[in-house]
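The values are calculated or read from the model by the stated rules, or taken from the named source; none is laboratory data. Everything numeric in this text was worked out from a predicted model, so none of it was measured. For neighbour counting, all protein chains shown are included, and Cβ atoms are generated from backbone atoms with ideal geometry for every residue, glycine included.
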Amino acid sequence: MTSQITAPLAQAQPTRSPYKRGCGAAFALTAAAALAGCVTPQMQAQNTEQMLAASGFLEKPANTPRRVAKLASLPPYRILSQRVMAGGRDTVGYIYADPQFCHCVFVGDPAAYQHFQQYALQQKMTQEQIAAQEMAANDAFGWDDWGPYPYWGGGVVVVGGAGFHGGFHGR
């Protein structure tokens, strides 16, 4: 029975992932880019794959016809879990498929998945801290000294034919 978790098990020699180097800087850059609203699907996949590799997941390329077929059968960009026999014991394995960018899967055990969850929580907290700092910086700027403008009071601004309703913190 396979269950889908959201956000990687195969038999072969693991490949060394290029994502293990500089994960902290990559997390911060991706967090900043996410807040700026310019994260592409490739950047999202790379960020997830960096976290998976740093968490202990192994990257396995789809380098044979059989692996290519298996990769194509997996839902992309989701972590799946499945009960497996590994080392003579019953355990849970995790797999994440990327058919578009790395053409590979990432596979891990429960410890790797737990580390991944910790990294994901750390990244979310970092994003929230950055957002709070940006809001505090905007509040400290003193926008009222540069106005007033009609759209600051919650009116409608027409930009390229599209209506924008809003204002700055209800002012």
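Does Ala62 count as over 24 Å from Glu128 (Cα atoms) and among the hydrophobic types (A, V, I, L, M, F, W, C)?
Yes.
Out of all the residues in the stretch 66-80, is one or more among the aliphatic types (A, V, I, L, M) and at pLDDT below 70?
No, the stretch 66-80 contains no residue that is among the aliphatic types (A, V, I, L, M) and at pLDDT below 70.
Residues Ala53, Ala10: which one is touching a strand residue (DSSP E or B) at 6+ places or on another chain (Cβ under 7 Å), small (Gly, Ala, Ser) and either at pLDDT 90 or above or surrounded by fewer than 11 Cβ atoms within 10 Å (Cβ to Cβ) (or both)?
From the options Ala53, Ala10, the qualifying one is Ala53.
Yes/no per residue for (1) in a strand (DSSP E or B); (2) of a type in the set (Gly, Ala, Ser); (3) modelled with pLDDT under 95; (4) surrounded by 12 or more Cβ atoms within 10 Å (Cβ to Cβ):
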| residue | (1), (2), (3), (4) |
| --- | --- |
| Met85 | yes, no, yes, no |
| Tyr96 | yes, no, no, yes |
| Cys102 | no, no, yes, yes |
| Ala120 | no, yes, yes, yes |
| Met125 | no, no, yes, no |
| Gln129 | no, no, yes, no |
| Asp144 | no, no, yes, no |
| Pro148 | no, no, yes, no |
| Gly170 | no, yes, yes, no |
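Does Glu59 meet the test of being part of a strand (DSSP E or B), of a type in the set (Asp, Glu) and either in contact with a strand residue (DSSP E or B) (Cβ under 6 Å, 6 or more places away or on another chain) or surrounded by 14 or more Cβ atoms within 10 Å (Cβ to Cβ) (or both)?
Yes, satisfied.
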